[in-house]
Amino acid sequence: METQIEDSVMAETEAEKTKQIVVLLIGPPGSGKSTFCDSVMCSSHRPWSRICQDIISNGKAGTKAQCLKMAIESLKEGKSVFIDRCNLDKEQRSEFIKLGGSEVEVHAVVLELPASVCVSRSVKRTGHEGNLQGGRAAAVVNKMLQGKELPKMNEGFSRIMFCYNDADVENAVNTYSKLGVMDSLPSGCFGQKNTDTKSQPGIMKFFKKVSAVPSSSSNEATEATRKANEKTENVRVLPAKLGSSDIVYTLAFPSISTADFQFDLEKASDIIVEKAEEFLPRLGTARLVLVDLSHGSKILSAVKAKASRKNIDAARFFTFVGDITKLHSEGGLNYNVIANAANWRLKPGGGGVNAAIFKAAGTDLEAATRTRANTLLPGKAVVVPLPSTSPLHNAEGITHVIHVLGPNMNPNRPNCLNNDYTKGCQTLREAYTSLFEGFLSIVQDQSKFPKRSNPATVPVSGENIKDDSERNKKYKGPQDMAVASNLESGPLKETRDSGKKMSKGWSSWALALHAIAIHPERHENVVLESSDKIVVINDQYPKARKHLLVLARQESVDGLEDVRRENLQLLQEMHNVGLKWVKKFQNEDASLIFRLGYHSVPSMRQLHLHVISQDFESDHLKNKKHWNSFTSSFFRDSVDVLEEVKSQGKAHVESEDVLKSELRCSRCRSAHPNIPKLKSHVRSCRSQFPEYLLDNNRLLARLESS
DNA sequence: GTTCTAGAAC
DNA sequence: GTTCTAGAAC
């Protein structure tokens with residue numbers, strides 16, 4: 001018996017020592033992944049299998065699935081495994097990480113060499129198994145690095161080594177070469193620096209300096225990868241020379257403010273021509289196309305006439321008749337960026353161009369817009385990259401939508417300027433400036449991957465290149481545009497005026513309520529009640545003994561800030577449903593006391609009414625923000641919201657700053673130094689509630705509270 | 001919104 | 001030493 005036990009202990013110890021390893025190489029083409037594997041395998045005493053996606057299919061490129069299959073087979077044979085593919089993002093890595101287990105450790109070796117090194121190696125190599133060579137290489141490498149996510153231990157790695165230069169690589173090669181069958185390496189993350197080489201500095205500098213060079217589309221690199229196998233590129237073609245097949249960057253835009261906002265056509269056409277003339281020289285070969293739906297459009301003919309009088313290049317600035325969402329499929333126009341005559345809430349609806357674009361782009365555009373901005377001021381623009389899943393991206397080739405808000409002269413629309421054309425023209429000029437600058441930033445951004453430049457000759461010093469330093473100074477990337485556009489204050493008083501909120505989008509975690517409200521049928525397990533107007537659920541992290549949420553189902557009402565008179569019926573319905581549940585709970589326990597209300601600034605998207613008992617007995621109530629969001633003026637009682645919307649058309653929204661104020665008992669208002677002490681006090685406090693809460697049925701108690 | 005955790009507060 | 005908060009990451 002004893003020997004048996006000893007044997008099994010021995011076996012376990014041994015098994016631990018002989019753990020196999022899966023090593024994921026992480027790096028773009030040219031980073032030296034294959035060389036790394038070869039170097040280790042040359043001198044290692046451990047059996048290794050190198051799994052290279054570029055050659056897995058009888059010497060040709062194969063699939064991730066093939067790699068996985070081969071990895072499993074190699075592990076069964078007792079070999080350790082190198083996964084020799086780029087593995088640049090978490091998703092790409094996840095399935096290989098799953099190969100790990102009690103018998104198998106998963107490591108990462110990150111080859112973070114300068115992008116320029118990778119590009120130059122990719123370009124120079126002739127016998128590379130992936131056949132990624134020539135001028136396309138730079139585009140591919142740079143595009144890949146854009147989407148790169150560095151590995152983290154919590155993905156499931158037991159060890160990560162970062163290499164930033166040849167010395168680091170050599171060190172890593174040695175580490176793995178020396179690793180005998182019985183050895184293991186310490187786990188942890190080694191060598192990581194803070195710097196991140198998402199882009200290739202040299203190439204960026206270069207493309208900022210040359211005039212904007214159009215490229216076919218943002219899919220350039222993907223397309224390049226595919227074509228790299230078919231074409232032998234002449235890498236010596238200069239950037240300025242464009243083949244006839246090249247697609248030129250094109251912005252299609254509607255006339256801003258002249259439709260629904262009733263802006264004077266003559267004045268508007270002057271401004272359009274003036275701004276186009278100003279921007280064309282900066283836009284390289286990119287084109288501006290004014291679009292209108294109807295052939296008899298007065299704005300188109302006015303602009304056409306004025307542009308012709310000013311001798312503006314008609315090949316680069318022209319008018320086009322058609323549906324702005326179908327100019328390619330129905331009009332044969334190649335274009336990649338469209339402007340939207342947006343509303344200040346950046347939401348679908350209203351009719352016209354705005355409705356058409358949101359409809360054609362699908363929900364992707366709405367979601368993408370939210371990550372950039374919540375609202376827009378007149379005269380401002382926000383650049384939104386269109387996800388490749390959007391129908392507009394696929395069918396028309398549109399990669400970006402730029403929302404623009406122009407001045408309004410229509411008394412039936414918000415912020416009417418009452419014929420003040422001094423202000424109006426100023427704002428319209430500003431709107432076109434914002435729009436064209438946004439477009440310029442896209443063109444510059446995409447020019448990182450020029451179609452026919454030779455990245456191998458990317459100059460370290462750019463003698464032959466004209467320096468357009470003015471542009472360098474003045475224009476920022478699209479993301480900066482979005483922020484800048486929203487941080488500036490303007491005449492739109494209704495707009496949320498805290499820069500923080502305005503530039504905030506909805507993170508993925510904040511969309512859960514929205515998903516339930518829109519598709520309650522997909523969340524049957526959590527839905528307590530639903531109708532066509534509302535859905536009732538338990539708060540997932542209740543902050544009191546009873547804590548429900550009544551969700552509005554209507555799209556586009558994200559929170560209290562969006563509520564207007566037209567939503568009164570909805571608010572009343574939500575309130576009534578809340579009351580009904582309060583009654584139900586009080587029938588079960590008459591001592592429960594409730595409040596119904598909204599958070600001034602919700603963390604989660606979709607208007608939701610809190611129905612919460614006032615005991616606050618919950619382990620989920622953990623911090624100051626939790627407490628203050630239910631007990632300070634940040635919590636807006638439903639009765640008050642209803643009253644304010646009825647009388648003023650909207651509800652007061654308290655600043656988030658109050659969430660940081662001191663901790664006070666919701667009954668006796670005494671202050672407490674920290675959450676545990678506060679909670680302990682609240683458990684035993686039997687004071688009367690403040691007078692304010694006893695008014696107007698803000699507090700819903702079955703019995704007289706004592 | 002929560003979770004995790006470094007470091008401040010005690 | 002432990003408790004608690006606050007900021008980052010998700």
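List the residues, sorted by chain then number, that are 5 or more residues from A:GLN20 or on another chain and whose placed amide H is less than 5 Å from its amide H.
Correct list: A:GLU105.
What percent do you get for the relative contact order of region A:508-701 when only Cα pairs under 8 Å and 6+ apart count?
Answer for region A:508-701 is 21 percent.
Using the basic label-point model (7 angstrom from Cα toward the beta carbon), what is the A:ASN674 to A:GLU266 distance in nanometres?
My value for the distance between the label points is 7.3 nm.
Work out how much length A:LYS583 to A:ASP695 would gain on full extension: take 0.36 nm times their residue separation and subtract the Cα-Cα distance, in nm to one decimal.
Working it through step by step, the gained length comes to 38.4 nm.
State the answer as a single residue: which of A:GLY424, A:GLY352, A:VAL384 lies farthest towards the positive end of the charge dipole of region A:329-429, with beta carbon charges of +1 for Lys and Arg and -1 for Asp and Glu, about the Cα centre.
A:GLY424
Where the accessible area of region A:508-701 is counted over protein heavy atoms with a 1.4 Å probe, how much of it, in %, is carbon and sulfur?
Within region A:508-701, the accessible surface is 48 percent carbon and sulfur.
Per residue and in Å³, how big is the convex hull formed by the alpha-carbon atoms of region A:526-576?
Spread over its residues, the Cα hull of region A:526-576 gives 98 Å³ apiece.
How far is it, in nm, from the label point at A:LEU511 to the one at A:SER556 when both lie 7 Å from their Cα along the line to the Cβ?
According to this spin-label approximation, the distance is 1.9 nm.
So if R0 is 35 Å, what FRET efficiency would A:SER94 and A:ASP183 give, r being the distance between their Cβ atoms, rounded to the nearest 0.05?
0.80
If you take every residue apart from A:ARG93 with its C-beta less than 9 Å away from the C-beta of A:ARG93, what net charge results, scoring Lys and Arg +1 and Asp and Glu -1?
Once positives and negatives cancel, what remains is -4.
So for each of A:320-326, A:596-602, A:141-147, A:56-62 I average, over its residues, the number of other beta carbons within 10 Å; can you give me the resulting order with the highest mean first?
On the way: A:320-326: 18.4, A:596-602: 22.0, A:141-147: 20.4, A:56-62: 13.7.
The peptides rank, most packed first, as A:596-602, A:141-147, A:320-326, A:56-62.
Given H placed on each backbone N at 1.01 Å, which residues far from A:VAL383 in sequence or on other chains put an amide H within less than 5 Å of it?
Hits under the 5 Å cutoff: A:ALA482.
Quick one: what do you get for region A:508-701 if you divide its Cα Rg by 2.2 N^0.38 Å?
0.99
What is the dipole size for region A:508-701, taken about its Cα centre, with +1 at each Lys and Arg Cβ and -1 at each Asp and Glu Cβ, in debye to the nearest 20?
Roughly 680 debye for region A:508-701.
Which one, A:SER684, A:LEU551, A:GLN648, is farthest towards the positive end of the dipole of region A:508-701 when Lys and Arg carry +1 and Asp and Glu -1 on their Cβ?
A:SER684
Separation of region A:299-351 and region A:47-120 by C-alpha centroid, Å?
If you average the Cα positions of each part, the centres end up 48 Å apart.
Given a 1.4 Å probe and every protein chain left where it sits, what share in percent of the accessible area of region A:278-418 is carbon and sulfur? Working shown, then result.
Details: 2840 of 5380 Å².
Reported share for carbon and sulfur atoms: 53 percent.
Given a Förster radius of 25 Å and the C-beta distance between A:SER102 and A:ASN171 as r, what FRET efficiency does 1/(1 + (r/R0)^6) yield to the nearest 0.05? Could you put the intermediate results ahead of the total?
Details: r = 29 Å, r/R0 = 1.16.
Efficiency at R0 = 25 Å is approximately 0.30.
Accessible area per residue, 1.4 Å probe, Å², for region A:508-701: what's the number?
47
Based on the alpha-carbon set only, what is the convex hull volume of region A:57-119 divided per residue, in Å³?
Cα convex hull per residue, to the nearest whole number: 111 Å³.
Using Cα-only point scatterers and the Debye equation, what is log10 of I(q)/I(0) for region A:319-403 at each q in 0.13, 0.22, 0.23 Å⁻¹, rounded to two decimals?
The Debye formula, applied to the Cα set alone, gives -0.36, -1.03, -1.12.
When the Cα centres of region A:379-439 and region A:566-597 are compared, how far apart do they sit, in Å?
The two parts, judged by their Cα centres, are 42 Å apart.
If I take R0 = 41 Å and measure r between the Cβ atoms of A:SER647 and A:ASP420 in this structure, what FRET efficiency does the formula 1/(1 + (r/R0)^6) give, to the nearest 0.05?
Working: r = 29 Å, r/R0 = 0.70.
Efficiency, from the Cβ-Cβ distance: 0.90.
Using a 10 Å cut-off on Cβ atoms, rank the peptides A:294-304, A:182-192 from the highest mean neighbour count down.
On the way: A:294-304: 16.5, A:182-192: 13.5.
Output ranking for A:294-304, A:182-192: A:294-304, A:182-192.
The values are calculated or read from the model by the stated rules, or taken from the named source; none is laboratory data. As the structure is a prediction and not an experimental result, all values here were calculated from the model. Because the Cβ atoms are built from the backbone with ideal geometry, glycine has one as well, and the counts that use them run over all protein chains shown. The protein model used for the area step is the full one, side chains on, heavy atoms only, and it has no ligands, DNA or RNA in it. Shrake-Rupley method; radii C 1.70, N 1.55, O 1.52, S 1.80 Å.
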